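Have a look at the structure below, then the notes.
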């Protein structure tokens, strides 16, 4: 499986990032499209607004968030296929805007992709 990384979108761009894919539903605050240096903004793999609001980045809800997010991802085969096609071409870095680097949708998505 090609290399898959997770990184906060506000961190400096690195050549080692490979293809940069924003996986948030909302555009990151205060960041221009030029500074983001995205190859793709794939909103469809982000959690639904309902799930995002329920989770609220509460670490105690993390296990249940992952379970619910996986269930949503099962219903998005086209978006996942687009992401897997990029991964087949080389390294992909999943980008997120949340402050919590351990409990966010990009981390959950990366785990899902590695396991399926």
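Quick rundown of the values:
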| item | result |
| --- | --- |
| Residue that is surrounded by fewer than 15 Cβ atoms within 10 Å (Cβ to Cβ) and at pLDDT below 95, where the choices are 57, 53 | 57 |
| Residue within segment 96-113 that is assigned to a strand (DSSP E or B), touching a residue at least 12 places away in the same chain (Cβ under 8 Å) and under 23 Å from residue 31 (Cα atoms) present | yes |
| Segment 17-36, residues that are over 14 Å from residue 85 (Cα atoms) and either at pLDDT 95 or above or in a loop (DSSP other than H, G, I, E, B) (or both) | 17, 22, 23, 24, 25, 26, 27, 28, 29, 30, 31, 32 |
| Filter result for the condition that a residue is farther than 19 Å from residue 114 by Cβ, surrounded by 15 or more Cβ atoms within 10 Å (Cβ to Cβ) and touching a helix residue (DSSP H, G or I) at 6+ places or on another chain (Cβ under 8 Å), over 78, 100, 24 | 24 |
| Pair list, Cβ under 6 Å, 6 or more apart: segment 70-82 residue over 21 Å from residue 39 (Cβ atoms), other residue part of a helix (DSSP H, G or I) | 70/112 |
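Yes/no matrix, rows are residues, columns are (1) assigned to a loop (DSSP other than H, G, I, E, B); (2) more than 17 Å from residue 111 (Cβ to Cβ):
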site: 38; (1), (2): yes, yes
site: 47; (1), (2): yes, no
site: 53; (1), (2): no, yes
site: 73; (1), (2): no, no
site: 79; (1), (2): no, no
site: 85; (1), (2): no, yes
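The values are calculated or read from the model by the stated rules, or taken from the named source; none is laboratory data. Small disclaimer: the values here were computed from a predicted structure and weren't measured. Heads up, the Cβs are rebuilt from the backbone with ideal geometry, glycines too, and the neighbour counts pull from every protein chain shown.
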